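Below is one structure; the comments refer to it alone.
The values are calculated or read from the model by the stated rules, or taken from the named source; none is laboratory data. Model, not experiment: these values are computed from the prediction. Heads up, the Cβs are rebuilt from the backbone with ideal geometry, glycines too, and the neighbour counts pull from every protein chain shown. When the accessible area is computed, the model is the full protein with side chains, heavy atoms only, and any ligands, DNA or RNA have been set aside. Shrake-Rupley method; radii C 1.70, N 1.55, O 1.52, S 1.80 Å.
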Amino acid sequence: MTPTERHLAQLIEAQGPISVATLMSVVLGHPQHGYYSVQRPFGRTGDFVTAPEVSQIFGELIGLWCVQAWLDMGKPARFNFVELGPGRGTLMADMLRAARQVSPEFVEAACLRLVETSHRLREEQQARIAKTATWYDRFADVPAAPTLLVANEFFDALPIHQYVKVEQGWAERRVAMEPATSGERFSWVHTATPDLPVPVQRGAAKAGDIVEVCPSGCAIVAEIAQTISAHGGAALLIDYGYTRPGFGDTLQAVREHSYHPVLKHLGTADVTAHVNFGDLGAAAKNEGARVFPILSQGTFLKRMGIEQRCRILTAGKPDHVVDSVTSAVERLIAPEEMGTLFKVLAIADEKNWVPAAFENAE
């Protein structure tokens, strides 16, 4: 039994079956045993590869997007440059390098604010980013100011609740302990709750259908939108997910670049769920921010010039360099790779400007 499993077993013995949200919070975020505190998830030697690890072009284009947004905001002399969940710091390092090449003034004006709860990852970020930064456990703790914010594969790791349609109505999907003789440690159970906060658009649900909600994600986006609406700025949220509500179980675990049973070896695999971008956009609109039509990652990167950048980087280079750069770009934009599953949501203040790549979004 892993340390995380022992902690979860004690929790279940004390209070009964736990929600999926509690499971994710403990597995990923426990200060001593949590996945992001103990494991080394990122990169080819870890459990998964994120877009910044695939190609530096990804971070460079996001950095250029931020520079253009800063210009459109009126070039504030000081602003918060925020990243949620910076991982190893690869994306921020690439963004700052690209920004410095086209606008040193942008980098000079940026107050780097990194939202990260893992102290081990904070150390990696500090080693990789050649600029003074301040770290926070929550976005709510970041000082109010004009803000440019980027979040790449952050919202997929936030705790979700799962609700299951049963004959009597709706029940919450929870995790229980199995008897010691069963050979399994944990199992799924359904717990009926009279005041279950199930979303209202679920009238067509059939028995067995699963609905997922992420209250913490919507709450964080509401905080971001409040800051942007009050002080100016924009946010770019990139993750895998969907734009319209539906039914289905998207909870998944990944270990060593392969899917892993969610309830096995808890604490040693990453546990995530697909992001409901429709809910995030609605949360931002409710706080007075402008929300632009959601783009696929492939469309966004193409509009930002990734194909032209690829041609420039490979011009006159040996075949192995051309193949390496081209295959990485294809992984980012191809529909069968990351291009369609990953979505991009832009949020901006109410001033009369449109973020780059979203000018003709529909």
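Below are the figures for this structure:
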quantity: Highest average packing first - 65-74, 81-90, Cβ atoms within 10 Å; calculated: 81-90, 65-74
quantity: Rounded percent of accessible protein surface that carbon and sulfur make up, the chain, 1.4 Å probe; calculated: 51 percent
quantity: Top of 15, 126, 162 by mean-square fluctuation, Gaussian network on the chain, Cα under 10 Å; calculated: 15
quantity: Theoretical FRET efficiency, 1/(1+(r/R0)^6), r = Cβ-Cβ of residue 122 and residue 168, R0 51 Å, to 0.05; calculated: 0.65
quantity: Unsatisfied cross-links (Cα-Cα over 25 Å) in the set 317/343; 285/351; 285/343; 206/343; 75/131; calculated: 317/343; 206/343
quantity: Two-site FRET efficiency, residue 244 against residue 190, from Cβ-Cβ distance with R₀ of 30 Å, rounded to 0.05; calculated: 0.75
quantity: Simple label model, 7 Å out from Cα along Cβ direction - residue 140 to residue 102, nm; calculated: 3.6 nm
quantity: Estimated vicinal HN-Hα couplings, Hz - region 241-256 in sequence order (Karplus 6.51, -1.76, 1.60; Gly, Pro = x); calculated: x, 9, 9, 10, x, x, 10, x, 9, 9, 4, 8, 10, 10, 9, 6
quantity: Tail weight of P(r) past 18 Å, computed on alpha-carbon pairs of region 198-278, percent; calculated: 58 percent
quantity: Sum of side-chain charges, residue 5 neighbourhood, beta-carbon under 13 Å (Lys, Arg +1; Asp, Glu -1); calculated: 0
quantity: Dipole magnitude of the chain about its Cα centre (Cβ charges: Lys, Arg +1; Asp, Glu -1), debye to nearest 20; calculated: 460 debye
quantity: For the chain, accessible area per residue (1.4 Å probe, heavy atoms of protein chains only), Å²; calculated: 45 Å²
quantity: Cα centroid of region 224-242 to Cα centroid of region 131-170, whole Å; calculated: 11 Å
quantity: The chain: calculated mean residue ellipticity at 222 nm from DSSP helix runs of at least 4, using -39500 (n - 2.57); calculated: -11000 deg cm²/dmol
quantity: Cα-based shape type of region 277-362, given that a ≥ b ≥ c are square roots of the gyration tensor eigenvalues and the cut on a/c is 1.5; calculated: prolate
quantity: Inter-probe distance in nm under a simple model that places probes 7 Å from Cα toward Cβ, at residue 351 and residue 2; calculated: 4.6 nm
quantity: Among (i) 20.0, 56; (ii) 21.1, 67; (iii) 19.5, 73, the entry that matches Rg and Dmax of the Cα atoms in Å as calculated here; calculated: (ii)
